[in-house]
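Here's the structure we're looking at; comments come further down.
The values are calculated or read from the model by the stated rules, or taken from the named source; none is laboratory data. Just so you know, these numbers come straight off a predicted model, no measurement behind them. Because the Cβ atoms are built from the backbone with ideal geometry, glycine has one as well, and the counts that use them run over all protein chains shown.
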Amino acid sequence: MSEIANSTHHRVAIIGSGPAGFTAALYTARANLKPVIFEGMQPGGQLTITTEIENYPGFEHGIQGPELMNIMRKQTERFGAESLFKEVTEIDFSKRPFTIKTYDSIHTADAVIVATGASAKLLNIESETKYMGYGVSACATCDGFFFKGLKIMVVGGGDTAMEEANYLTKFASEVTVVHRRDEFRASKIMLNRANKNPKIKFLTNKVVKEVLGKEEEGRKTMTGVLLEDTVDHSVQKVDVDGLFMAIGHKPNTDLFKGILDMDETGYLKVKQSSTCTNIPGIFAAGDVADKVYRQAITAAGSGCMAAIDAERWLQEEG
């Protein structure tokens, strides 16, 4: 008997959760398409490592990231969506129905929505993970508001770092941009803008070796960083209240390389004014196809679009 014969079939399969995946699941479930969600290695996506979310509409006093994702998950389940806490290890989009494999199961689907998101590039040091959401962040527009009147450090040397540094001066008393080299990759216009901002200063030839902090009554608080000079390897302690990573994002698209069209940085390409990829029946939603906005609300919006696109495509295909 073939592997396909032993598989479980779905009208719609959603790879990835988060605001995009859950919104796509909500809309397809309400369309009676009984979607299955492969939640992967990080159920709920990036928002599960975000503490307070104050810019998602509908929550006047803000909400914790994991709580918001749990509410979304329960809402999809109410309409018949099924969550599988499994990582997709292999896909075959060359023929229909499409095949999706996990480490211990095989599934087929008439339509697939890819919502695997993107991951912020981090420094990969243990203390960074410890204080993520407690002073360390990878999203200025998400968390800048919490640093009113405080000192912030931004790590990076490209346009993103300059843009985030400028944005953070709306809230912070001082923003220090730290870069491992003495020259910046940022465009001249972005660099000039940052140089002209009186709240921004620069530390070059420096890397963050350690995030410092304290823990009182179960509450973690970041207090500073240890910087190492890349030339003479001397170490200095700098007191700052927040550390923002601006060294780029990596879309979670390795699974689809050579199968779905991507740009040079790995973001999935979609057809204009739609969520359609180069393969009919495969749709992309959220940060996996968005390198500009990367917000929970825009991801949710594109999840809705992908669900509607998938439903219409399935109707046309009969």
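Worth pointing out:
- Qualifying residue in segment 89-96 (condition: within 30 Å of Leu243 (Cβ to Cβ) and not in a loop (DSSP other than H, G, I, E, B)): no
- Yes/no for Thr298 being surrounded by 15 or more Cβ atoms within 10 Å (Cβ to Cβ), hydroxyl-bearing (Ser, Thr, Tyr), at pLDDT 95 or above and under 26 Å from Gly144 (Cα atoms): yes
- Residue match in segment 110-120 (condition: surrounded by fewer than 21 Cβ atoms within 10 Å (Cβ to Cβ), at pLDDT 95 or above and under 30 Å from Gln315 (Cα atoms)): yes
- Verdict on Met153 being outside the structural domain of Thr277 (by TED's automatic domain parsing), at pLDDT 90 or above and closer than 27 Å to Val88 by Cα: no
- Residue match in segment 259-267 (condition: under 24 Å from Arg30 (Cα atoms), acidic (Asp, Glu) and either in a loop (DSSP other than H, G, I, E, B) or at pLDDT below 95 (or both)): no
- Selection status of Glu311, in contact with a Pro (Cβ under 9 Å, 6 or more places away or on another chain) and surrounded by fewer than 23 Cβ atoms within 10 Å (Cβ to Cβ): no
- Asp110 satisfies every condition listed in (1) touching a Gly at 6+ places or on another chain (Cβ under 8 Å); (2) of a type in the set (Asp, Glu); (3) in a helix (DSSP H, G or I) except (3).
- Restricting the search to strands (runs of 3 or more DSSP E) fully inside segment 149-215 and requiring at least 2 residues that are charged (D, E, K, R) and touching a strand residue (DSSP E or B) at 6+ places or on another chain (Cβ under 6 Å) gives an empty result.
- Residue ID - nearest to Asp309 (Cα to Cα), chosen from residues in segment 255-292 that are of a type in the set (Val, Ile, Thr), surrounded by 15 or more Cβ atoms within 10 Å (Cβ to Cβ) and in contact (Cβ under 8 Å) with a residue 24 or more places away in the chain: Thr275
- Checked against the criterion of being more than 19 Å from the chain's Cα centre (by Cα) and under 14 Å from Ala20 (Cα atoms), segment 59-75 has at least one qualifying residue.
- Per-region count, segment 124-144, residues assigned to a loop (DSSP other than H, G, I, E, B) and either modelled with pLDDT of 90 or more or in contact with a strand residue (DSSP E or B) (Cβ under 6 Å, 6 or more places away or on another chain) (or both): 5
- Among residues of segment 74-85, those that are assigned to a helix (DSSP H, G or I) and surrounded by fewer than 21 Cβ atoms within 10 Å (Cβ to Cβ), counted: 4
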